[in-house]
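Reading through the structure tokens given below for one structure.
We did not get these values from a lab; they are worked out from the coordinates using the rules stated. All values derive from a computational prediction rather than experimental measurement. Glycine gets a Cβ as well: all are built from the backbone with ideal geometry, and neighbour counts include every protein chain shown.
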Amino acid sequence: MIKLITFLSFCFLYSNNTIAQSIFKNNRKETLQNFKKEIQKRHKLFKNGIFDKKYTALPQAEIHCVEIKNYQEITTLKNDFDNQISFEVFEKKYQYVQIGKNELIIIKKDEEENKYFWYQVTTEFGEMKLQEIKNLDTKMYKKNTWIYFEENNTITAFYFLEDMTEPIIPKKYADFINYVDCMIDTTTKDIIIPKWDNSMEYSQNPIFLDFRDKIDKISKENPENTTQKQTNYVKSQINKDTILIQKVYDFCIENNTSYHLFEEFAHLTDAQLLELNRRIRIYGSCGADLSVANHNIKIALLCAKTQKWDIFLRACLDIHKANRYVTELENAKINTNFLFELEKKAGLRTFDLLFGISLKANNLAQNHYSYKYLQFCAFFPKNGKRFEKQILEILTDKNLDKYNKIIFYHIFRTHLFIVLEGKKSEKYFEKIKEKLQFTKETIWNEISFDF
């Protein structure tokens with residue numbers, strides 16, 4: 001029986017949707033039914049309020065931003081900021097200074113550095129990381145006050161137009177986040193971080209060297225005419241040493257690592273192969289390198305074979321994420337269409353899932369699935385009208401915080417630019433602008449649909 005993720009592989013690697021559709025219609029009822037039952041079970045948990053967490057948005061405030069380089073009277077300038085000069089007086093006194101008005105500032109953690117930073121957020125450029133923030137007490141950042149930083153002969157200053165707050169995320173959007181946590185288990189990850197990122201380091205481990213030496217010994221003692229015959233012979237002989245096979249496998253699991261020769265020559269179950277592949281970290285060589293995506297396809301395939309639905313959707317979304325830089329964007333579109341096929345065939349609430357992984361909040365679960373590269377949630381070529389309707393409701397919702405609305409604006413803009421190739425009429429774009437500006441939120445003052 002062709003398994004569910006065999007279809008996924010075809011979807012990802014080929015642009016002919018008729019192939020994907022034909023596979024969906026044949027030979028895979030059992031796997032789809034199992035996945036559908038899992039979705040129904042999780043939907044029941046969601047309906048019963050098991051996932052009903054409340055969230056707050058990231059700390060944020062609208063500001064005027066000032067950047068001054070190589071200013072000679074630095075002491076005077078700093079004194080003015082320390083003495084909380086009024087903004088009107090500042091504009092008159094420093095008329096030559098360029099001011100970025102009505103910009104959004106947020107506080108966000110850089111997970112790689114494990115530190116908190118100020119981020120400047122705009123509708124034009126997205127996010128820009130600024131200085132590290134030492135004081136996380138948002139109550140000290142008040143309306144009509146200045147803070148400033150000095151670095152490399154440059155002073156960056158923020159004038160707060162409002163108190164910095166952490167708005168409550170309305171239940172409608174909190175439910176999107178909770179739906180993600182219901183569908184994608186937060187107690188696990190698809191990729192378990194390997195103990196050694198350096199392949200040379202772990203491949204020289206004595207237990208792996210013993211395995212490799214045994215392969216070499218068997219090969220030399222029993223030469224065969226062809227490479228394939230030689231490989232088959234080595235496999236048949238080395239797997240007789242069940243103690244060694246179990247020893248190497250246990251070592252890999254205990255130390256969160258894997259070994260390519262072990263995976264190649266050992267006879268392993270699909271469940272064992274899944275656990276080993278989850279302990280492999282693949283680095284792509286460039287933006288068009290599909291090795292990371294192919295590895296995620298392999299994990300998704302093994303999840304389907306072993307019915308590990310708790311990490312199946314995570315692996316499927318990782319395929320999409322891994323393809324974020326590929327210039328031939330048809331692959332990403334097809335993979336998103338696959339998620340909508342799961343909606344049709346198994347009842348997955350695809351928009352809820354994609355919106356939930358795009359929203360940002362302060363108190364997300366530790367392993368909550370989230371997209372870092374947000375624009376690539378926007379591939380809805382077959383569901384464009386439905387998507388546009390929902391996203392405009394989000395952008396004009398006065399109850400949702402500004403940062404999350406800007407996130408969805410960038411998703412929407414990318415959808416219009418890449419999926420629709422800017423083919424909407426100027427009249428359509430003007431209507432969108434009018435709808436957004438009618439909310440009287442200053443974050444929409446500078447929006448543009450000029451592609």
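General observations
- In a DSSP loop and with at most 10 other Cβ atoms within 10 Å, the chymotrypsin sites (Phe, Trp or Tyr not before Pro) in region 32-115 are Tyr96.
- Relative contact order of region 60-160, taken over Cα pairs closer than 8 Å and 6 or more residues apart, is 37 percent.
- Surrounding net charge for Leu268, when Lys and Arg each add one and Asp and Glu each subtract one, Cβ distance under 12 Å: -3
- Residues whose amide H comes within less than 5 Å of that of Gln131, counting only those at least five positions distant or on another chain, are Trp118 (H built at 1.01 Å from N in the peptide plane).
- Euclidean distance between Cα centres, region 73-148 to region 241-305, Å: 47 Å
- Cut-off 15 Å between beta-carbons: net charge of the residues surrounding Lys78, Lys and Arg +1, Asp and Glu -1: -4
- Along principal axes, Cα extents of region 60-160, largest first, whole Å: 39, 28, 25
- In this structure, the amide hydrogen of Thr165, modeled 1.01 Å from its nitrogen in the peptide plane, lies closer than 5 angstrom to those of Gln60, counting only residues at least 5 positions away or on a different chain.
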